[in-house]
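Chemist: First the structure, which I've put down as structure tokens, then a few questions once you've had a look.
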Amino acid sequence: MSLRIGITGHTGSLGKEIIKLRLNYKYSFFKGDIRNKNTVLQWLNSENFDAIIHLAAIVPIKTVNKNKKKHTTLTIKAQRILLMLLKQKK
């Protein structure tokens, strides 16, 4: 039986590399606004994940420096939402 892995940020550099590994896992990719609690909850409830790989972020650093508020909102808020919803699912 293969593990069910949820991945945020699968279109980024790290996400693409993980997918290239072609490990014997069943992947489910998050699509949507990672800052939207309802969208994240719907995704989390769509499958019974064995693990979540959270890679959603704004990169490179030049882009981050141009809009620090957007970076902070995406990175910190998204992580808080994801962790809060995972904790509630227990």
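Please treat every number below as a calculation from the coordinates, not as lab data. Here the structure is a predicted model, which is why all the values come from computation and not from measurement.
Chemist: In whole Hz, with x marking every Gly and Pro, tabulate ³J(HN,Hα) for region 15-31 from phi via Karplus 6.51 cos²θ - 1.76 cosθ + 1.60, θ = phi - 60°.
Modeler: In residue order, the calculated couplings are x, 5, 5, 4, 5, 4, 4, 6, 5, 7, 10, 9, 8, 10, 9, 6, 10 Hz.
Chemist: Rounded to the nearest 500 deg cm²/dmol, what is the calculated helix-only ellipticity per residue at 222 nm for the chain, with -39500 (n - 2.57) per DSSP H run of length n ≥ 4? Show your work: numbers first, answer last.
Modeler: Details: 5 runs with 41 residues, N = 90.
It lands at -12500 deg cm²/dmol.
Chemist: Using only Cα atoms and rounding to the nearest 10 degrees, what angle (0 to 90) does helix 37-46 make with the longest principal axis of the chain?
Modeler: Relative to the chain, helix 37-46 is tipped by roughly 20 degrees.
Chemist: Looking at the P(r) of the chain, how many percent of alpha-carbon pairs lie beyond 21 Å? Can you show the working numbers first?
Modeler: Numbers: 1306 of 4005 pairs.
Tail of P(r) above 21 Å: 33 percent of Cα pairs.
Chemist: Cα gyration tensor of region 1-43, axes a ≥ b ≥ c as square roots of the eigenvalues: rounded (a/c below 1.5), prolate (a/b > b/c) or oblate?
Modeler: On the way: a/c = 4.37, a/b = 1.48, b/c = 2.94.
It is oblate, given that a/c is not under 1.5 and a/b is not larger than b/c.
Chemist: Moving to a separate point now. In whole Hz and in residue order, list the ³J(HN,Hα) couplings for region 63-79 that follow from phi through the Karplus curve 6.51 cos²θ - 1.76 cosθ + 1.60, θ = phi - 60°; x for Gly and Pro.
Modeler: Residue by residue, region 63-79 yields 5, 4, 5, 6, 9, 5, 5, 4, 4, 4, 4, 5, 5, 6, 5, 4, 5 Hz.
Chemist: In addition: Straight-line reach only, C-alpha to C-alpha below 20 angstrom: list the lysines that residue 68 could link to, leaving out same-chain residues fewer than 8 apart.
Modeler: Once the sequence-local lysines are set aside, what remains near residue 68 is 77.
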